[in-house]
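**Q** Structure incoming, see below.
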Amino acid sequence: MYKVLIVEDDRNIAQLVKEQAEMWEMECRTVTNFRDVLSDFAEFKPHIVLLDIGLPVYSGYHWCAEIRRISKVPIIFISSASDNMNIVMAMNMGADDFIAKPFDGSVLIAKMQALLRRVYDFADSVPVLQHRGAFLNTGDDTLTFNGENIPLSKNEYRILLCLMENKGRIVSRERLMERLWKTQQFIDENTLTVNINRLRKKLDAAGLKDFITTKVGQGYLVE
């Protein structure tokens, strides 16, 4: 089932789009907190985003740019501001399509389905994991915080992925070592400690202090 995130402040339009999409067995979520659209995006992990331009607090252009920092998910703008300048700007910001209000619901669904087929018939969904405002994109192995990319080594990415996949749960050193080095060969435990320490320094420098918690004798976790 495809998941649709609807970022539209007109409740009537949002509800109509939701009902139309659900008729085609899509799962929908409508954003209500327009100050923090990215939290809904990261939690819901949509396959497609429908985005208005004129929104409270920040414009649709802002949220399009923020989503594009962490994901390649398809984005369709739906707006009454349908002059050529806005359409060109939307596409330049990373949108995949633009539909002018008022619109025909069947046309919207047809465009959504075509875009979904084109993207997901050839590629798997790319989930984004979120914790404390940091976004880990498993599609391109990148970590983003406050709009900035934090470079990670392969081992640092794997450590963070394992911890964020198990957010709130302790991950043992043995499990982390198995995740990092899938081999029967002996690996010195100090190697894991070195990788954890390097990752922590990068996170601290980016403003994510105490992002990883140590549980003595048990392992590590993010919480």
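**Q** May I ask you to derive the relative contact order of the chain, considering only C-alpha pairs under 8 Å and at least 6 residues apart, and to give it as an integer percent?
**A** Reported as a whole number, the value is 14 percent.
**Q** Taking the Cα centre of the range 139-223 as origin, sum charge times position over the Cβ atoms of Lys and Arg (+1) and Asp and Glu (-1), and report the length of that vector in debye to the nearest 20.
**A** About 120 debye.
**Q** Let me ask you something else. How high is the relative contact order of the range 1-126, in percent, counting Cα pairs under 8 Å that sit 6 or more residues apart?
**A** This gives 23 percent for the range 1-126.
**Q** As an exercise, take the mean of 1/r over every pair of distinct alpha carbons in the chain, invert it, and state the Kirkwood radius in angstroms.
**A** Hydrodynamic radius (Kirkwood, Cα pairs) of the chain is 19.2 Å.
**Q** Also, I was wondering about something else. For ASN197 and TYR58 in the same chain, what is the full-extension length gain: residue separation times 0.36 nm, less their Cα-Cα distance, in nm?
**A** Going from the current span to full extension adds 46.3 nm.
**Q** Something else about it: Say each of GLN15 and ASP104 gets a label point 7 Å from the Cα, pointing the same way as Cα to Cβ; how far apart are those two points in nm?
**A** The modelled label-to-label distance comes out at 2.5 nm.
**Q** Still on this structure, please answer the following. Take GLU178 and MET1, extend 7 Å from each Cα along the Cα→Cβ direction, and tell me the distance between the two endpoints in nm.
**A** Between GLU178 and MET1, the simple spin-label model gives 3.3 nm.
**Q** For the range 3-120, what is the largest minus smallest coordinate of the Cα atoms on each principal axis, given in angstrom and ordered from greatest to least?
**A** 32, 30, 29
**Q** So, one more: Determine the shape class of the range 140-223: with a ≥ b ≥ c the square roots of the Cα gyration tensor eigenvalues, call it rounded for a/c under 1.5, and otherwise prolate if a/b is greater than b/c, oblate otherwise.
**A** Note, shape of the range 140-223 comes out prolate.
**Q** Antiparallel versus total DSSP beta bridges in the chain: what percent is that, nearest 5?
**A** 50 percent
**Q** Kindly state, to the nearest 0.05, the FRET efficiency for ASN166 paired with ARG29, given R0 = 25 Å and r defined as their beta-carbon distance.
**A** E between ASN166 and ARG29, to the nearest 0.05, is 0.55.
**Q** Count the lysine pairs in the range 3-120 that are 8 or more places apart or on different chains: how many have C-alpha atoms under 16 angstrom apart?
**A** So the count works out to 8.
**Q** Considering the dipole of the range 57-120 built from charges on the beta carbon (Lys and Arg +1, Asp and Glu -1) around the Cα centre, which of TYR120, ILE67, ALA81 is farthest to its positive end?
**A** It is TYR120.
**Q** What 222 nm value per residue comes from the helices of the chain, counting each DSSP H run with n ≥ 4 as -39,500 (n - 2.57) and dividing by all residues, nearest 500 deg cm²/dmol?
**A** -13000 deg cm²/dmol
**Q** Further, regarding this structure: Is the shape of the range 1-51 rounded, prolate or oblate, going by the alpha carbon gyration tensor and its root eigenvalues a ≥ b ≥ c, with a/c under 1.5 for rounded and a/b larger than b/c for prolate?
**A** It comes out oblate by the Cα gyration axes.
**Q** Under the 0.36 nm per residue contour assumption, what length would be gained going from the current alpha-carbon distance of THR214 and LYS154 to full extension?
**A** Extending this stretch completely gives an extra 19.5 nm.
**Q** Once both axes come from the Cα atoms, what is the angle between helix 11-23 and the longest principal axis of the chain, in degrees from 0 to 90, rounded to 10?
**A** That works out to roughly 80 degrees.
**Q** In which sequence would THR193, THR30 go, from the one with the fewest C-beta neighbours within 10 Å to the one with the most?
**A** THR193, THR30
**Q** Next question. Quick one: dipole size for the chain, taken about the Cα centre, charges +1 on Lys/Arg Cβ and -1 on Asp/Glu Cβ, in debye to the nearest 20.
**A** It works out to roughly 820 debye.
**Q** Next question, about the same structure. To the nearest 10 degrees, how steeply does helix 60-70 sit against the main Cα axis of the chain, on a 0 to 90 scale?
**A** It is inclined by approximately 30 degrees.
**Q** How would GLU165, GLU8, GLU25 line up from fewest to most surrounding beta-carbon atoms within 10 angstrom?
**A** GLU25, GLU165, GLU8
All of the numbers you see were taken from the coordinates with simple rules; none came from a lab. Nothing here was measured: the structure is a model prediction, and the numbers come from that model. Cβ coordinates were reconstructed from backbone atoms using ideal geometry, including for glycine residues, and neighbour counts include every protein chain displayed.
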